[in-house]
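Participant: Below is a structure I'd like to ask you about.
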Amino acid sequence: MIIDCHTHLLPRRVKTDRTECVRKDKAFGALFSSAKAKVASPEEILTYLDNSRVDKAIVFGFPWEDYETAAQNNDEIWDFYEKYPDRIIPFATFSVLDPGLAHKECTRTLSGGFAGVGELAMYRNGWATADFEALRPCLDLAEHFRVPVMIHVNEPVGHDYPGKIFVDLKALFKTVSDFQEIDFILAHFGGGFFIYSLMPEIGPKMKRVYIDTAAAPFLYDSRIFSVAVQSLGEDKVLLGTDFPLLGFSRYELMLDQANIQGYLRAKILGGNVQTILNRKR
Ligand SMILES: [Zn+2]
């Protein structure tokens, strides 16, 4: 079974015309003002899955700063899941800028049956210590419902691109170590954060930390797969494409180049994320 753990679906009205959201939501504007930044419809996601022989996808929206837009996005993801329950795994996302509204939306979606939270991101100003603190009530909920939480993390070095933000890695580590019953999926190879699992005082507290491969073809040499598996563990790397940014074939190519085949490839392509999703209450 192949599961893509990182795909985005935005509200249909945004796909039709993104101008208003580009103007109103600074973070969205930074990522999507270029017409080259693709927005997929539910139909396009299904076609992508079929054409790539991907069985299922975790689908989530965008962390809109406007509450109504975030709720609408989550509702459209839920509708998509209800139409295709065998293909779509719904995650809920929202902005953490207003902790009260974040908690309201997290409660609404998780009690409604969403399979996880994420991709949480602070695209406007980055992840500061206070943002991770503000997230704690939502993490209590995720722990209660035994659902995974995906956080956007990117590498602190290298070339700049829209959506590349500052991440307070110390605060991130405090968060994962304070919530050791939560499966955290750190997107984009966790910005390299996984390497610290080799430190004896850090590793034991990262037992439930996973990373996804989203955007790797734009960021890394294919050796990143083996390095991540060796340092964090063979159960910890999850296929995520960031569709519609990229499709599955680019990742297959990287896995081929890294000579990752058989049992380990099957775990990365779906087995590992299945284990996490099976824990849901
Ligand atoms: Zn991301």
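The values are calculated or read from the model by the stated rules, or taken from the named source; none is laboratory data. What you see is a predicted model; the values in this text were computed from it and never measured. Cβ atoms come from the backbone with ideal geometry, glycine included; neighbour counts cover every protein chain shown.
Participant: Taking the condition of being in a helix (DSSP H, G or I) and out of contact with any Gly (no Cβ under 9 Å at 6 or more places or on another chain), how many residues in the range 17-28 meet it? Before you say what the answer is, go through the steps one by one.
Facilitator: Quick first cut of the range 17-28, residues in a helix (DSSP H, G or I) only: 19-24, 26-28.
Still in the list and also out of contact with any Gly (no Cβ under 9 Å at 6 or more places or on another chain): 19-20, 24, 26, 28.
Result for the range 17-28: 5.
Participant: Going by the conditions given, is Gly116 buried (at least 22 other Cβ atoms within 10 Å of the Cβ) and either of a type outside the set (Phe, Trp, Tyr) or in contact with a Leu (Cβ under 6 Å, 6 or more places away or on another chain) (or both)? Reasoning before the result, please.
Facilitator: Numbers: buried (at least 22 other Cβ atoms within 10 Å of the Cβ): yes; either of a type outside the set (Phe, Trp, Tyr) or in contact with a Leu (Cβ under 6 Å, 6 or more places away or on another chain) (or both): yes.
When the stated conditions are applied, Gly116 passes them.
Participant: Kindly indicate the residue of the range 198-208 that is surrounded by fewer than 23 Cβ atoms within 10 Å (Cβ to Cβ) and under 20 Å from the mean Cα position of the chain (by Cα) and also farthest from the ligand (Cβ to nearest atom) among those meeting that condition. Steps first, please.
Facilitator: Going residue by residue through the range 198-208, those that are surrounded by fewer than 23 Cβ atoms within 10 Å (Cβ to Cβ) are 198-205, 207-208.
Now drop any that are not under 20 Å from the mean Cα position of the chain (by Cα), which leaves 207-208.
Values: Lys207: 23, Arg208: 20 Å.
Once the filter is applied, the top-ranked residue is Lys207.
Participant: Give me the residue from the range 144-154 that is within 17 Å of the chain's Cα centre (by Cα) and under 18 Å from Val117 (Cβ atoms) and, out of that set, farthest from the ligand (Cβ to nearest atom). Talk me through it step by step, then tell me what you get.
Facilitator: So in the range 144-154, the residues within 17 Å of the chain's Cα centre (by Cα) come out as 146-154.
Keeping just the survivors that are under 18 Å from Val117 (Cβ atoms) gives 146-153.
On the way: Arg146: 23, Val147: 18, Pro148: 15, Val149: 13, Met150: 8, Ile151: 9, His152: 4, Val153: 8 Å.
Of everything passing the filter in the range 144-154, Arg146 is farthest from the ligand (Cβ to nearest atom).
Participant: If Val157 satisfies every condition in (1) more than 16 Å from the ligand (Cβ to nearest atom); (2) surrounded by 14 or more Cβ atoms within 10 Å (Cβ to Cβ) but one, which is the exception?
Facilitator: All conditions pass for Val157, except number (2).
Participant: Select from the range 170-190 the residues that are assigned to a helix (DSSP H, G or I) and within 16 Å of the ligand (Cβ to nearest atom) and list them in ascending order.
Facilitator: Across the range 170-190, the qualifying residues are Leu172, His188, Phe189, Gly190.
Participant: Then there's this: Somewhere in the range 124-131, is a residue crowded, with 16+ Cβ neighbours inside 10 Å, away from the ligand (no atom under 16 Å from the Cβ) and part of a helix (DSSP H, G or I)? Can you show your working first?
Facilitator: Start the filter on the range 124-131 by keeping residues that are crowded, with 16+ Cβ neighbours inside 10 Å, which leaves 124, 127, 131.
Next, from what is left, pick out any that are away from the ligand (no atom under 16 Å from the Cβ): none.
Checking the range 124-131: not a single residue is crowded, with 16+ Cβ neighbours inside 10 Å, away from the ligand (no atom under 16 Å from the Cβ) and part of a helix (DSSP H, G or I).
Participant: Go through (1) modelled with pLDDT of 95 or more; (2) of a type in the set (S, T, N, Q); (3) within 22 Å of Lys24 (Cβ to Cβ) and name the single condition Asn125 misses.
Facilitator: In the conditions (1) modelled with pLDDT of 95 or more; (2) of a type in the set (S, T, N, Q); (3) within 22 Å of Lys24 (Cβ to Cβ), Asn125 misses (1) alone.
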